[in-house]
Amino acid sequence: MPVYKRKEGSDTWHWCANCPDYPKGENVTSRQSKPEYGKFCPLCELKEKTGDCKQDPLFAGLK
Ligand SMILES: [Zn+2]
């Protein structure tokens, strides 16, 4: 189950840690389930489709 993250003040959810727009640091809202409001990041959707979606724990500390 992916973790969905959204930066405060934005209504776009991200769930791939390797998304260039993945929210980091302060003022980030996370959810364990699929949010029922807001928008889903098209880049994360593309990564999921191509099997390139990296989850947060694996990716933490890299970069
Ligand atoms: Zn994204």
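Pick from Leu46, Leu58, Leu62: which is of a type in the set (A, V, I, L, M) and at pLDDT 95 or above?
Exactly one residue qualifies, and that residue is Leu46.
If I go through region 1-12 residue by residue, how many of them are surrounded by fewer than 12 Cβ atoms within 10 Å (Cβ to Cβ) and either within 10 Å of the ligand (Cβ to nearest atom) or of a type in the set (A, V, I, L, M, F, W, C) (or both)?
Residues flagged as surrounded by fewer than 12 Cβ atoms within 10 Å (Cβ to Cβ) and either within 10 Å of the ligand (Cβ to nearest atom) or of a type in the set (A, V, I, L, M, F, W, C) (or both) within region 1-12 amount to 1.
Could you identify the single residue in Asp11, Asp21 that is among the acidic types (Asp, Glu) and either in contact (Cβ under 8 Å) with a residue 24 or more places away in the chain or at positive phi (or both)?
Matching residue, one of Asp11, Asp21: Asp11.
Hey, could you check region 27-46 for residues that are farther than 10 Å from Asp11 by Cα and exposed (fewer than 13 other Cβ atoms within 10 Å of the Cβ) and say which is nearest to the ligand (Cβ to nearest atom)?
Pro42
Quick check on my filter: what residues within region 13-26 are at pLDDT 95 or above and either more than 9 Å from the chain's Cα centre (by Cα) or loosely packed, with under 10 Cβ neighbours inside 10 Å (or both)?
Correct list: Pro20 only.
The values are calculated or read from the model by the stated rules, or taken from the named source; none is laboratory data. Since the structure is predicted, the reported quantities are computational estimates derived from the model, not experimental observations. Here Cβ is always computed from backbone atoms with ideal geometry, including for glycine, and neighbour counts include all displayed protein chains.
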